[in-house]
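Asker: To start, I am sharing the structure in question, which I have written as structure tokens.
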Amino acid sequence: MDKETYLRFLRALLVNRLPAEDAEDIVRFYTEYFEEAGPEKEAQVMATLGSPEELTAKIMEQRAKEEADGVREPDEPRTRGYSAPAGNGFLPRWVGIMLVVFMGCMIVPTVGGMAIGFGAAGIVLFACGGLMIALGVLGAGLGGKLLALGGGLVMISVGSLLVQAAGGMFWLVKKAMTNLWNVLVEGGLTYHEAVN
Amino acid sequence: MAFQVTAPLLDGCVLAVLEQGDAYGYNLTQQLRREIDLSESTLYPVLRRLQRDGHLTVYDEQFQGRNRRYYAITPSGKQQLTEFRSEWESYRGKIDHILWGGMQDG
């Protein structure tokens, strides 16, 4: 096995077990280690370090020991399937933030405006319904009273539906913005698999 | 070797070597290897942790066209080393006491 293969194996083993940043840091350390030792000592270095599997096992064992002794903080649960927790992997963080802000500028006023309109209309309709019933009861004639009562009830229920729809819209906007942020900036999505 | 060099011991040794002067990973490992058997551990986690705790800092320097990452002890690292030395002294005294039969007197 040559140095490149060794380091490639090492990286492959580490990225499955550690946060990406730590894995890269370790590979960097051993890349430098090989370089300093020089090409003629490659075999000797590999013999000292052990196979990539053995070296990985040593590193993980030491980390586990340190965690157990309390000298180091346990790792965060790692994200699987999607890219590294820091950043989404396909966009620089600031681009992600800009995109979220831009979409927010479009989504929040439109849907938010609709929600406010719906909510206001609902409240007005609700109030009108109540007024209609009150006036209808005072008015003359059984037919007129029943008509006012029925109409008023319909208006109250439609009004409350509108208010609920407005609440739903606010919730949707919030949810949409949170998801956009998670996908474009954090890169986390909801598919998390804790490996510990 | 009959005795295992555990994490805190290795911390102290690394800091002591760095007190003599900055060193890069390979060089540091070789210096320690001259005296102690490191086969059961790797220096990487030790260096990383000491760095995280602020006991050492790293800097990169070009050497013959490639990068060398140097490790340097910080004031907090020096303080840690002093503490470590006095702890080691008292620990060694206790073990010596047991090993050379000082216990019988007491």
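Please treat every number below as a calculation from the coordinates, not as lab data. Given the structure is predicted, the values throughout are model-derived calculations rather than measurements. Cβ coordinates were reconstructed from backbone atoms using ideal geometry, including for glycine residues, and neighbour counts include every protein chain displayed.
Asker: Once you keep just the Cα pairs under 8 angstrom separated by 6 or more residues, what percentage relative contact order results for region A:107-167?
Answerer: It rounds to 48 percent for region A:107-167.
Asker: According to the Cα gyration tensor, what semi-axes, each the square root of 5 times an eigenvalue, does the equivalent ellipsoid of the protein assembly as shown have, listed from largest to smallest in whole Å?
Answerer: 69, 26, 17
Asker: Could you tell me which residue out of A:Gly136, A:Ile116, A:Thr5 lies farthest along the dipole of the protein assembly as shown toward its positive end? Charges go on the beta carbon: Lys and Arg +1, Asp and Glu -1, centred on the Cα centre.
Answerer: Of A:Gly136, A:Ile116, A:Thr5, it is A:Gly136.
Asker: Using +1 on the beta carbon of Lys and Arg, -1 on that of Asp and Glu, and nothing else charged, what's the dipole of the protein assembly as shown about the Cα centre, debye to 20?
Answerer: With only Lys, Arg, Asp and Glu charged at Cβ, the dipole is about 1660 debye.
Asker: Along the charge dipole of the protein assembly as shown, which of A:Leu146, B:Thr29, B:His97 sits closest to the positive end, that is, farthest toward it, with unit charges on the beta carbon of Lys, Arg, Asp and Glu (+1, +1, -1, -1)?
Answerer: Sorting the options by dipole projection puts first A:Leu146.
Asker: Let me ask something else about it. Let me have the 222 nm mean residue ellipticity of the protein assembly as shown computed from DSSP H runs of 4+ only, each contributing -39500 (n - 2.57), with the sum over all residues rounded to the nearest 500.
Answerer: Roughly -23000 deg cm²/dmol at 222 nm, from the helical runs in the protein assembly as shown.
Asker: What's the local net charge at A:Gly167, with K and R +1, D and E -1, over the other residues with C-beta under 15 Å away?
Answerer: After counting each charged neighbour, the total is +2.
Asker: From the phi angles alone, apply the Karplus equation (6.51, -1.76, 1.60; θ = phi - 60°) to region A:131-142 and give each ³J(HN,Hα) in whole Hz, x where the residue is Gly or Pro.
Answerer: 4, 4, 4, 4, 5, x, 5, 6, x, 8, x, 5
Asker: Which order do the peptides A:49-58, A:25-34 come out in when sorted by mean C-beta neighbours inside 10 angstrom, highest first?
Answerer: A:25-34, A:49-58
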